[in-house]
Structures are given as structure tokens and as C-alpha cells.
1. Exposure proxy check: Leu258, Leu294 ranked by fewest other beta carbons within 10 Å?
2. Sorted from largest to smallest, which semi-axis lengths in Å does the alpha carbon gyration tensor of segment 183-263 give for its equivalent ellipsoid, taking the root of 5 times each eigenvalue?
3. Pull out the extension gain between Ser220 and Glu293, defined as 0.36 nm times the separation in residues minus the alpha carbon to alpha carbon distance; nm, one decimal.
4. With a 10 Å radius around each residue's Cβ, average the other Cβ atoms per peptide and rank 168-180, 83-95, highest first.
5. How big is the gap, in Å, between the Cα center of segment 223-242 and the Cα center of segment 21-87?
6. Sorted by packing (mean other beta-carbon atoms within 10 Å per residue), highest first, where do 139-146, 310-317, 103-110, 262-269 land?
7. How large is log10 of I(q)/I(0) for segment 265-318 at q = 0.14, 0.15, 0.23 Å⁻¹ when the intensity is taken from the Debye formula with one equal scatterer per alpha-carbon?
8. Using a basic spin-label model with each label point 7 Å from the Cα along Cα→Cβ, how many nm lie between Lys73 and Asp128?
Amino acid sequence: MKLISVAAACAALIATGLAASAQEARVLKFGHAASSKHPFHEGLEYFAARVAEHTDGRIEVQVFGDRLLGDDKQLLEGLQIGTIEGAMVSSPVLPLVIGAGSFDALQLPFVANSYSQVSDLLTSPLGDELLATLGDKSITGLGFVEAGLRHFLARDKPVATLEDFAGLKTRIVPIPLHKAVWEAVGVNPIGMAYGEIYSALETGTIEAVEINLSSIQTESLFESAKDVTLTGHYFWPGVIMVAGPVWATLDAETQAALRTAGRETTIDAYRKGAAQEAEARAFLEANGVTIGELDNPAAMRSAVAPVVAEWTAKDSLIARIVEALGEGS
């Protein structure tokens, strides 16, 4: 009897160990290039929580900010070959690094005018179609997190008129669309990596940057530049992505759970967007930043209108997204 009891106990221990092993979560590491205090980080942590919920803990998403897994370019290149499991990358970098040109639709100036409007677009079949274009790049797109409406930060003087932009050495993401937009505005556009902005403003290598208020706060750019103009030219979605080789190892139920988590994250991020921008504005004003508006916003809109028309004609998906945003105005 004792032998049977010992055997039964051993079998129970083995079964318990196997069950625990079977329940151990698979870890997926997701990186992004912004500060760990940035809305991108908060959004990815929300995504991680939704993934855990929808997979009953079978998948654990670990979030790494502050460029710990690389900058945007390194993250995208790693996703394509599977050395990076997951990432969130600013949407304008996708055309630059992997040739995903349809994402230019999200940076056409003055086409979208509210967080809710962008949210509706990105959670519609058109948003799904845009994410699906990443499949050709060996990447699966899952959702979006918004960093905030873009404005203009100047180092040495306030910018109130179109003429005030003239010749300012301004950091941009070095993609053809942004170059065309900012040349039309009249600045001297300088392509530069995100991580170099702080030192470039500090040394005067650049005099200005088009950027969201949250990044001015979390990257401490307000220490070197004190004049913000609320141009509100375009939004700045980060795209949540999984490496194609990693996606292929997930069963259909898990894939569906991650897609659901991505959609929920998109809705939550845009629901919070306006409030986060207001909080960043209050912080900046409390830290000595002057925040003003353009005297004649229509002049800036008119200057960039030909660029919008040119890019809309380049890509049928861009054209349909622009049409959808126009209908929602």
C-alpha cells in the first residue's frame, strides 16, 4: 500500500510539473524608440495587458522603451528578419525604411482634424487594409498608438506667420513627403534621427523641429527650445507590429487574440489622445514654454495643398484614405 501511495504521489507531482510547464507564458519582447514616459510606452503596456487577457496569460508581452532594443530603423529591419519579435514604430518611418508608401496617408498635412476622426479611420476596413500592406514586408500590423498632433517648436524666436518659418533649420523625418511639405512651408529641412534632436537643439545645429507636445515633454526638449506654435499639421501614429517569422509560429486563436488586443489599443489610445496633449501642454507652460498660434493658418494650409494633391494621386489607398477623412470632417 505504501508503495502504491508513493507511486501515486510521484505521478501527481509529475503531472503538476507538466501542467505548470504547459501553462508557462511565451514571452514576446516589443521595443520602441521613444522615452518610457511617452504615450507610445503607455500604449504598448496597455496592449500587453490586453494580450494577456485575451490569451489567458499564454502570451506575455514585455515592453522595452528608450531605444533599448534599437531605434526605429533597427526595429523595422529586425522585424523583417525575425531578430526583433515585436515593435512599435512611428508610421512615417515605414515608407523610409521598408518602402511601405501607403502609410504616407497618415502624414498628409491638414487632412485629418480630430483624434476621433483618425481613430474611426484606423479601426475601419481601410485601417485594416493599410496594416495588411505590411504583409509584403514580412511584418504583421496589429494596431496603432497615437503620440499626438504635431506642432512646431522653435529655439530662438516665436513663429506666428508663414514668413517666420523662412529658412529655419528644422529637423524632419527624412522622407520625401515631409521634405516636400516643409520645403513648401519655407523652412530649411534637415533629416535627423529622433535620438539626435535634443543635442542638435542644444548646440544650435537645428533651430526648430516639428513635433508633438508629448515628445517635447518626455525628451526634455523644452530645456533648449521655448517657443511652440500650435500648427496642428498632422497626427503621429505609432504602428504595433509583429515579426512575420514570429507570427507564423502562433496558432490561429492566438493570432486572433493579438489582433483584438491591437484594435482595443487603437481605440483606447485615441480616446486618451486629446487629454494627453492637454496634460503635456500644461506641463510645458509650467516649465516656461510659450505656446501660441499662427496669425494666418490658412496661409500654411494653402502652401502645402499642392503637396497633398500630389501624394494623393500617387497611391490608390492613400486616395481612399484621404477621401474617407474628408467625408468625416
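Taken together, the values in this text are just the output of simple stated rules run on the coordinates, not laboratory data. In this text, all values refer to a predicted model and were calculated from it rather than measured experimentally. Ideal geometry is used to build each Cβ from the backbone, glycine not excepted, and the neighbour counts take in all protein chains shown.
1. Least to most surrounded, the residues fall as Leu294, Leu258.
2. 37, 14, 13
3. 24.1 nm
4. Working: 168-180: 19.9, 83-95: 23.5.
Result, highest mean first: 83-95, 168-180.
5. Cα centres, segment 223-242 to segment 21-87: 22 Å.
6. The packing order, highest mean first, is 139-146, 103-110, 262-269, 310-317.
7. Relative scattering, expressed as log10 I(q)/I(0), comes to -0.74, -0.81, -0.87.
8. Rounded to a tenth, the inter-label distance reads 3.5 nm.
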